[in-house]
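This report concerns only the one structure given below.
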Amino acid sequence: MSNEKFKISSKSLLITTGVCIAVAAIAGFYTYNKASDQLNAEIIGNNKTTLSAEATTETHVNAEQTNIAKTENTTDTETEVIESAIAPEVEVVEDAAVTPQVMVRPLNGEIINSFSNNELVKSKTLNVWKTHDGVDIAGALDEKVKSMTSGKVTKVYEDPMMGACVIIDHGNGLEGYYCNLSKDIPIAEGQNVSAGTIIGMVGDTAESEISEPFHLHFAVKKNGEWIDPIALISGEGS
């Protein structure tokens with residue numbers, strides 16, 4: 001009987017011990033789960049805070065970058081205003097060679113011999129057939145002769161056949177020849193003249209045209225070719 005009671009007591013003790021261990025295990029597992037859940041919640045909270053802070057920082061940085069881009073992305077009008085404010089104004093000077101010039105007749109007399117345009121005409125003085133490469137404009141002896149337009153005097157000389165002469169470079173390929181002048185020429189080589197500047201007086205120095213009335217022999221070359229000076233002055237020639 002005593003042995004049976006001892007067996008029953010031992011069995012009860014074992015059961016009680018097992019139950020306690022089970023309860024302790026359950027309690028430990030519950031405590032672990034609770035602590036784990038709390039830890040996870042803290043970690044998630046911290047991550048959310050970190051992510052929120054990073055997102056805020058990124059948004060701030062992007063906003064700053066956007067502002068910078070907007071500042072640099074100026075319009076064409078703004079750029080022109082800025083450049084005009086910085087760059088000094090540059091005066092544009094038109095090229096005199098391509099600017100239309102005022103043309104005047106060197107002498108306001110009658111045309112007694114016209115431009116022959118490479119055709120042969122008979123010279124009254126020389127009694128030969130030859131081209132007449134300019135025009136003869138009648139005028140009184142010592143009447144003032146004017147420059148056709150602005151230019152630079154390139155030569156003042158005496159020709160054996162055409163007498164006292166002045167050559168003026170009028171620009172744009174034009175050269176004016178003013179011949180049969182009196183020997184008293186008031187301008188010099190290298191001098192700049194304007195349209196209407198007095199360059200000499202009507203003379204009788206041209207031996208090849210001495211039989212003609214007093215006149216100015218006026219001729220013009222363009223790019224080395226003789227052209228009709230009257231047509232040029234009137235705008236009909238080029």
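Taking θ as phi - 60°, what are the ³J(HN,Hα) couplings along the stretch 173-178 by the Karplus curve (6.51, -1.76, 1.60), each to the nearest whole Hz, with x for Gly and Pro?
With the stated coefficients, the stretch 173-178 comes to x, 9, 10, x, 10, 10 Hz.
What does the net charge come to around Gly190 if you take all other residues with beta carbon closer than 13 Å to its beta carbon, with K and R at +1 and D and E at -1?
Numbers: positive: Lys152, Lys155; negative: Asp169, Glu189.
Once all neighbours under 13 Å are counted, the net charge is 0.
At a Förster radius of 22 Å, what calculated FRET efficiency corresponds to the Cβ-Cβ distance of Lys122 and Asp159, to the nearest 0.05? Each step should come with its number before you reach the end.
Working: r = 21 Å, r/R0 = 0.96.
So the FRET efficiency works out to roughly 0.55.
Among residues other than Thr154 whose Cβ falls under 14 Å from its Cβ, what is the net charge (Lys/Arg +1, Asp/Glu -1)? Before the final figure, lay out the partial values.
Details: positive: Lys152, Lys155, Lys221; negative: Asp169, Glu175, Glu189.
That sum, taken over residues with Cβ under 14 Å, equals 0.
Testing the spin-label approximation: label points 7 Å from Cα along Cα→Cβ at Thr131 and Ile111. State their distance in nm.
For the pair Thr131/Ile111, the computed spacing is 1.8 nm.
Taking 0.36 nm per residue of sequence separation and subtracting the Cα-Cα distance, how much length would be gained by fully extending the chain between Lys183 and Glu207, in nm to one decimal? Before the final figure, lay out the partial values.
Details: separation 24, 0.36 × 24 = 8.64 nm, distance 1.35 nm.
That pair, Lys183 and Glu207, stretches by 7.3 nm at full extension.
Pop a pseudo-label 7 angstrom from the Cα along the beta-carbon direction at both Asn223 and Gln191 and give the gap in nm to one decimal.
Here the answer is 3.2 nm between the modelled labels.
Here, each number is a calculation from the coordinates, and none is a lab measurement. All figures in this text were calculated on a predicted structure; none of them were measured in a lab. Glycine gets a Cβ as well: all are built from the backbone with ideal geometry, and neighbour counts include every protein chain shown.
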